[in-house]
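The values are calculated or read from the model by the stated rules, or taken from the named source; none is laboratory data. This one's a predicted model, so the numbers in the text were calculated from it and none came from an experiment. Here the Cβ is made from the backbone with ideal geometry for all residues, glycine too, and neighbour counts use every protein chain on show. Side chains are part of the model used for accessible areas, which takes the heavy atoms of the whole protein and leaves out ligands, DNA and RNA. Shrake-Rupley method; radii C 1.70, N 1.55, O 1.52, S 1.80 Å.
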Amino acid sequence: MVSRSYSNLLDLTSCGSPAFGFGREKKRLPRVATVAGVLSELDDESNNSVGSDAPSSISQERMIIVGNQLPLKAQRKEENGKWEFTWDEDSLLLQLKDGLGDDVETIYIGCLKEEIDPIEQDDVAQYLLDNFKCVPTFLPPELFTKFYHGFCKQHLWPLFHYMLPLSPDLGGRFDRSLWQAYVSVNKIFADKVMEVINPDEDFVWVHDYHLMVLPTFLRKRFNRARLGFFLHSPFPSSEIYRTLPVRDELLRALLNSDLIGFHTFDYARHFLSCCSRMLGIAYQSKRGYIGLEYYGRTVSIKILPVGIHIGQLESVMNLSETESKVAELRNRFKGQTVMLGVDDMDIFKGISLKLLAMEQLLLQHADKRGKVVLVQIANPARGRGKDVQEVQCETYATVKRINDTFGRPGYTPVILIDTTLQSYERIAYYTIAECCLVTAVRDGMNLIPYEYIICRQGNEKIDGILGIKSNNQKKSMLVVSEFIGCSPSLSGAIRVNPWNIDAVAEAMDSALMVAESEKQMRHEKHYRYVSTHDVAYWARSFLQDLERACRDHLRRRCWGIGFGLGFRVIALDPNFRKLSVEHIVSAYKRTKHRAILLDYDSTMVQLGSISTTPNAEAVSILNSLCNDTKNCVFIVSGKERKTLTEWFSSCQKLGLAAEHGYFVRTSHTEEWETCVSVPDFDWKQIAEPVMQLYTETTDGSNIESKESALVWNYEFADRDFGSCQAKELLDHLESVLTNEPVSVKSGPSIVEVKPQGVSKGIVAERILITMQQKGVVPDFVLCIGDDRSDEDMFGVITSARASLSPIADVFPCTVGQKPSKAKYYLEDTSEILRMLQGLANASEQTADRNSSQFPHH
């Protein structure tokens, strides 16, 4: 059933965004097929559809960069009232352009920071497209408030920073109207992308949590869109994330990307854990790349922290204003050591914790009074609300208390700067600070330490002002919170738990006491990293991985399924297709010697059924197939022979293979035989105690003891813990059974030990050879199974041409659409039974026809 949270979402956009026509008649966009087959653009009803509003560039790659805000500054001229636009040099979206190369054209899509009158929007849009290659997304003020200040800042931002809405005062209760506004805005952004995209050639790079469902809208419109997403905020642990009422919708929307980027391994790990626990999707690591298999598509995971634009910082450092400010500050703080904090005034930046640590430092170390100054630059908060006001009040009160207690004429321990500073002023403070403090309690990345390191490297003129004579004298010290994204990459920093005030105070003291040579070594190490891992390196690396993730797009067959935000794209090998009942019945009717091999669990009986015994319909179909003398029918299962004997006692002519082919019986009247000779099962005495140990320590697991095998099942254990224990058990068993003639394998929620050489492939091979020895050369082979063990059968029958008729029809068929050796698939058990019923009906019709032609006398 479709959740009401995303039913009819396409209608939510009716609240409207003013359209603009770029000053010309808009062309109609092509429709893209969402049916099986090779995708192509279909003509509109009027047969005048064209590719895209923007001309395609064959010789030049194009990147469409989508973010909440365009990298532009806007101001209205006083003299004529016209808008004037300039690039925002501080915008990351603009800075990353340096890493894409001159041969990549960039188009930006996003909102403007200023509100544009609807009457002016068309002209502004045309001007920005022509002059800046920017496509503005104009949102009605009410919708923008619900989207940004509502869902983004009230729900997503606090939750992603580990703040649960435990009461109406803490983030507020989930408001579905805000969610609907979020979806509507993402749809409006998708419409803007569609106006300029050339889907077969362009790359789309979506940025941050404001646009997390955008990949679904784009994937729905263009199944083969080349889509990357980068999350600039933290991604919380599954225990936090799972409280979000729309958790599945957001995860599935992100999985419609080809590449998802995170700053740190922790954030990626949390995302992968959420996919595993909530969607049942496990990740795999192949040759250094992490990927999730999602309906035949591989969604790649990228872990790379963003860098800074060093050239821009250096250009500001070269300004004469910067030099003057550095000289002014040096004189102002002569004889004092400056520690610096630069943070937004919000609840997660830990400004008050930093101030309390400073208070503690001055309290415990009287020698620091009069000598150490903390300059705290507090940028205006990006959000608004009661929590911001509380942070401001606490900050002002703490600063006043510290200054009242420890201040004296000529010495102010804490200098709070809560007005907006020019770039050169901020850089001047970086330059003169001996230590930079970042005590955020949670932050996605935080580039303040990177900027500080580059500024401390200085330049020739600034070195002269500060009295630095050589590069060997460059030094810097960092005290950083362990809860921020840049912390792992700054190995020379002093890492702290910002909640531990005493520890932060001691770290501040240690940073000031470190030997000069040590400060220089740490600075050199950090400078080497920051200067080589800049924003261009980050962007270039992301684009390379996005190209790699999308390189198979045109080779695969794609079609979309699902409604609303449950939409996803099935991507399969061109040769992999659904098994047509008409096609197989036609082949069945014209052939004379048929082999039919059927798995049992999830093939003849529905996955997850409480009752696993065969129903009357399945038994009836099997008997009809077995009564046809042209057929050799086998159930090939992992079940024990005793169980199969009981379940299929009424199927006299049915062949059975138990325990993955170790035991075989051709009919009810025959004796069970073994496919593989096994001298003894002494290895069980080694393996079972090991499995028992893991069963006792893994709640929800159990051991299934078969005649030929031992299976450890953790289907009902905690998914993550069970998987972890399974890996350990696999290693443990392989270690203790090294010299035994057994194989240890893992499967879906199981670890199995069985004799070497036992597989369903052996059974398939034996059946085909036996038929051939009886002078019956199979000209029809049907094999159906659903898991890894059945792949062995598929492999045998597709390569067993020597045992088959030269014109044999071979139908390896898996259950569900997934990567497989099989060439065909059917969706579920009901489709399989319907297909088998079609074959049984064909056999009965043939029998009836024969009986009417040759009646008994």
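Taking just the alpha carbons, could you work out the radius of gyration and Dmax for segment 539-607, both in angstroms?
Looking at segment 539-607, its Cα Rg and Dmax stand at 19.5, 62 Å.
Under a point spin-label approximation (7 Å from Cα along Cα-to-Cβ), what is the CYS724-SER470 distance to one decimal in nm?
Between CYS724 and SER470, the label points sit 5.1 nm apart.
Given the pairs LYS642/LYS684; LYS153/LYS349; LYS73/LYS187; LYS349/LYS386; LYS153/LYS302; LYS684/LYS754, which span a C-alpha to C-alpha distance of over 18 angstrom in this model?
Values: LYS642/LYS684 20 Å; LYS153/LYS349 15 Å; LYS73/LYS187 25 Å; LYS349/LYS386 16 Å; LYS153/LYS302 25 Å; LYS684/LYS754 9 Å.
Beyond 18 Å between Cα atoms: LYS642/LYS684; LYS73/LYS187; LYS153/LYS302.
Find the relative contact order for the chain and round it to a whole percent, using C-alpha pairs within less than 8 Å whose residues are 6+ positions apart. Mind showing how you got there, number by number?
Working: 1561 pairs, mean separation 86.5, N = 857.
With pairs under 8 Å counted, the relative contact order is 10 percent.
Please get the size of the charge dipole for segment 682-755, origin at its Cα centre, with Cβ charges of +1 on Lys and Arg and -1 on Asp and Glu, quoted in debye to the nearest 20. Display every interim value, and only then the final one.
On the way: 6 positive and 14 negative charges, 40 e Å.
Here the size comes out at about 200 debye.
In Å², and per residue, what accessible area does the chain have when probed at 1.4 Å with the other protein chains present? Let's see the in-between values first.
Values: 37860 Å² over 857 residues.
Value returned for the chain: 44 Å² of accessible area per residue.
Can you run the Rg to Rh ratio on segment 310-533? Use alpha carbon positions and the Kirkwood inverse-distance Rh.
Working: Rg = 16.5 Å, Rh = 17.6 Å.
On the Cα set of segment 310-533, Rg over Rh gives 0.94.
Loop only per DSSP, at most 15 neighbouring Cβ atoms within 10 Å: give me the trypsin sites (Lys or Arg not before Pro) in segment 492-576, ordered by residue number.
Details: sites: ARG495, LYS519, ARG522, LYS525, ARG528, ARG540, ARG548, ARG551, ARG555, ARG556, ARG557, ARG568; in loops: ARG551, ARG556.
Passing sites in segment 492-576 are ARG551.
So what does the Cα-only Debye profile of the chain read at q = 0.09, 0.10 Å⁻¹, as log10 I(q)/I(0), no solvent term?
-1.01, -1.15
What percent of all Cα-Cα pairs in segment 682-755 falls in each 10 Å bin, counting up from 0?
20, 61, 18, 1
Which of the lysines could a cross-linker span from LYS823 if the Cα-Cα distance has to be under 17 Å and same-chain partners fewer than 8 positions apart are dropped?
Qualifying lysines at Cα under 17 Å: LYS578.
Mind checking segment 101-140 for GluC sites (Glu not before Pro) that DSSP puts in a loop (not H, G, I, E or B) and that have at most 13 other Cβ atoms within 10 Å? Could you put the intermediate results ahead of the total?
On the way: sites: GLU105, GLU114, GLU115, GLU120; in loops: GLU114, GLU115.
Listed in order of number, the matching sites are GLU114, GLU115.
Just add up the charged neighbours of GLN817: K/R +1, D/E -1, any other residue whose Cβ is under 9 Å from the Cβ of GLN817. All intermediate terms of the calculation are to be shown ahead of the outcome.
Numbers: positive: LYS578, LYS818; negative: GLU827.
With Lys, Arg at +1 and Asp, Glu at -1, the net is +1.
Under a cut-off of 24 Å between alpha-carbon atoms, report the lysines in cross-link reach of LYS325, not counting same-chain residues fewer than 8 places apart.
LYS334, LYS371, LYS461, LYS469, LYS474, LYS475
Based on alpha-carbon centroids, what's the gap between segment 533-585 and segment 435-482 in Å, whole number please?
When both Cα centres are located, 44 Å separates them.
For the chain, what is the charge dipole size about the Cα centre, in debye to the nearest 20, if Lys and Arg each add +1 at the Cβ and Asp and Glu each add -1 at the Cβ? Could the numbers behind the result be given before it?
Details: 96 positive and 111 negative charges, 108 e Å.
Magnitude of the dipole: close to 520 debye.
If we sort 702-710, 770-778, 221-229 on the protection proxy, mean other Cβ atoms within 10 Å, highest first, what's the order?
Packing proxy ranking, top to bottom: 221-229, 702-710, 770-778.
Which whole number of Å³ per residue matches the convex hull of the alpha-carbon atoms in segment 249-408? Mind dumping the intermediate values first?
Numbers: hull volume 33.2 nm³, N = 160.
Here the figure is 208 Å³ per residue.
Can you give the % of DSSP beta bridges in segment 257-371 that are antiparallel, to the nearest 5? Kindly include the intermediate steps, with their values, before the conclusion.
Details: 9 of 13 bridges.
Expressed as a percentage, antiparallel bridges in segment 257-371 total about 70.
For segment 188-303, what are Rg and Dmax over the alpha carbons, in angstrom?
Calculated on Cα positions, Rg and Dmax stand at 13.7, 40 Å.
In segment 236-301, which trypsin sites (Lys or Arg not before Pro) are in a loop and have at most 11 other Cβ atoms within 10 Å, using DSSP for the loop call? Working shown, then result.
Numbers: sites: ARG242, ARG247, ARG252, ARG269, ARG277, LYS286, ARG287, ARG297; in loops: ARG242, ARG287.
Answer by residue number: ARG287.
Find how many whole Å separate the alpha carbon centroid of segment 151-195 from the alpha carbon centroid of segment 830-844.
50
Treating cross-link reach as a plain straight distance, find the aspartates and glutamates whose alpha-carbon is under 17 Å from the alpha-carbon of LYS821, omitting any fewer than eight places away in the same chain.
GLU293, ASP573, ASP599, GLU765, ASP786, ASP787, ASP790, GLU791, ASP792, ASP809
Could you work out what % of the accessible surface of the chain is carbon and sulfur, using a 1.4 angstrom probe and leaving DNA, RNA and ligands out of the count?
Values: 18380 of 37860 Å².
Within the chain, the accessible surface is 49 percent carbon and sulfur.
Among 303-309, 781-787, how do they line up from the highest to the lowest mean number of other beta-carbon atoms within 10 Å?
Working: 303-309: 21.4, 781-787: 25.6.
In descending order of packing, they fall as 781-787, 303-309.
Which percent, to the nearest 5, of DSSP beta bridges fully inside the chain are antiparallel?
Approximately 35 percent, going by the DSSP bridge assignments.
Where q = 0.15, 0.17 Å⁻¹, what log10 of I(q)/I(0) comes from the Debye formula for segment 82-173, counting one point per Cα?
-0.78, -0.89
Under the Karplus relation 6.51 cos²θ - 1.76 cosθ + 1.60, θ = phi - 60°, what is the ordered set of whole-Hz ³J(HN,Hα) values for segment 361-377, x standing for Gly and Pro?
Result, rounded to whole Hz: 4, 5, 6, 8, 10, 4, 5, 7, 5, x, 10, 10, 10, 9, 9, 10, 8.
Using +1 at the C-beta of Lys and Arg and -1 at the C-beta of Asp and Glu, which of ASN739, SER701, SER723 has the Cα lying farthest in the positive direction of the dipole of segment 682-755?
ASN739
To the nearest 20 debye, what is the magnitude of the charge dipole of segment 62-303 about its Cα centre, counting +1 on the Cβ of each Lys and Arg and -1 on the Cβ of each Asp and Glu?
Rounded to the nearest 20 debye, it is 1380 debye.
Take the alpha-carbon centre of segment 632-656, take the same for segment 791-812, and report the distance between them in whole Å.
Segment 632-656 and segment 791-812 have Cα centres spaced 23 Å from each other.
Largest first and to the nearest Å, give the Cα extent of segment 62-303 along each principal axis.
Taking the Cα atoms of segment 62-303, the three principal extents are 59, 48, 31 Å.
Do the sum for the chain: with -39,500 (n - 2.57) for every DSSP H run of n ≥ 4, divided by all residues, what is the mean residue ellipticity at 222 nm, to the nearest 500 deg cm²/dmol?
Numbers: 27 runs with 325 residues, N = 857.
Calculated from helices alone, the mean residue ellipticity at 222 nm is -12000 deg cm²/dmol.
Say the dipole of the chain comes from +1 at the beta carbon of Lys and Arg and -1 at that of Asp and Glu; which of LEU92, CYS393, THR612 then lies farthest toward its positive end?
Farthest along the dipole direction, towards plus: LEU92.
Among SER257, MET212, PRO245, pick out the residue whose Cα is farthest towards the positive end of the charge dipole of segment 185-286, where Lys and Arg carry +1 and Asp and Glu carry -1 on C-beta, about the Cα centre.
The listed residue farthest towards the positive side: PRO245.
For GLU582, what charge total do you get from the other residues with a beta carbon under 15 Å from its beta carbon, if Lys and Arg give +1 and Asp and Glu give -1? Working shown, then result.
Numbers: positive: ARG577, LYS578, LYS589, ARG590, ARG834; negative: ASP809, GLU831.
My count for the surroundings of GLU582 gives +3.
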